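Asks: Can you keep this structure in mind? I'll have questions shortly.
Bear in mind these aren't lab numbers, they're just calculated from the coordinates by the rules spelled out. What you see is a predicted model, and the numbers here were worked out from it, not measured in a lab. With ideal geometry, Cβ positions are generated from the backbone for all residues, glycine too; neighbour counts draw on all protein chains shown.
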Amino acid sequence: MTTDRDSVLMAAVGLLSRQPSAAMDEIARAAGISRATLHRMFPGRDALLREVAALALRRMSAALDAAAIDEGDPVAAVRRLADAVVPDAATAAFLTGENRLFDDTELCAAWERMDARVAALFLRGQQSGAFRVELPAAWLSEAFFDLLAGVGWAVQEGRLAPRDSTLALTELFLGGALRKDQA
């Protein structure tokens, strides 16, 4: 039987976003494979973490593409963005919580490109008068991704129903980001 690499990586996301220090045998168990199979796929924990991060970043970047955040009304674009990224909120939780990834220049560059795209959305929204100008666009991007990670954790822990997560993210975020006369 062939083991699907992406399924193993997503199982790792599910565990590592909640337990960043989980051991390889715990990750293998979460993926439903043996530790030996996990080690054949990934030579060590660092290799696994980097693969998980690369998959997470690819999925998040694809979600940004699908949301077409550089088009149309900025508020509507934020709502499309939330719709697109919430299914991968656990990956955002993993990326937010795994500090060893900051040493990898390639992964950091991919994150910075994605973050710059979202910050550009908020800057466009500020220029159009939709978003508060006293909050830097780069910080709005960071706040959005941090709230997304919080959604991922809350859904995993059962504190937020998956069906409510997009609404929770957009309403909480936009409640603070919109100009007062826009809210």
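Asks: With a 10 Å Cβ neighbour count serving as the proxy for reagent exposure, in which order, fewest first, do Ser141, Ser17 appear?
Replies: Neighbour counts put them in this order, fewest first: Ser141, Ser17.
Asks: If one computes the Cα centroid of segment 25-51 and of segment 117-183, what distance in Å separates the two points?
Replies: Here the two parts' Cα centres lie 34 Å apart.
Asks: Hey, what's the Kirkwood Rh for segment 1-86 if you take every pair of different alpha carbons, in angstrom?
Replies: Taking the inverse mean of 1/r over all distinct Cα pairs, segment 1-86 comes out at 14.3 Å.
Asks: Report, in order of residue number, the helices in the chain meeting two criteria: a C-alpha extent of 27 Å or more along the helix axis, and a mean Kyte-Doolittle hydropathy of at least -1.0; treat each whole DSSP H run as one helix.
Replies: The qualifying helices are 45-67, 105-128, 137-156.
Asks: Say a paramagnetic label sat at a point 7 Å from the Cα of Glu134, along Cα to Cβ; which residues of segment 144-183 have their backbone N under 14 Å from it?
Replies: Zone members listed by number: 176-181.
Asks: Just want the ordering: Phe131, Phe145, from fewest to most Cβ atoms lying within 10 Å of their own Cβ.
Replies: Phe145, Phe131
Asks: Something else about it: In Å, the Kirkwood hydrodynamic radius of the chain over pairs of distinct alpha carbons?
Replies: 17.1
Asks: Work out the FRET efficiency for Glu171 and Ala47 from their Cβ-Cβ distance, taking R0 = 45 Å, and round it to the nearest 0.05.
Replies: Efficiency for this residue pair is about 0.70.
Asks: On to the next question. Can you give the helix-only mean residue ellipticity at 222 nm for the chain, where every DSSP H stretch with n ≥ 4 adds -39500 (n - 2.57) and the sum goes over all residues, rounded to the nearest 500 deg cm²/dmol?
Replies: Dividing the helical sum by the residues of the chain leaves -23500 deg cm²/dmol.
Asks: Could you work out the relative contact order of segment 5-177, using alpha carbon pairs under 8 angstrom and six or more residues apart, expressed as a whole percent?
Replies: 23
Asks: Going by how many other Cβ atoms sit within 10 Å of their own, how do Asp103, Asp181 line up, fewest first?
Replies: Exposure proxy ranking, most exposed first: Asp181, Asp103.
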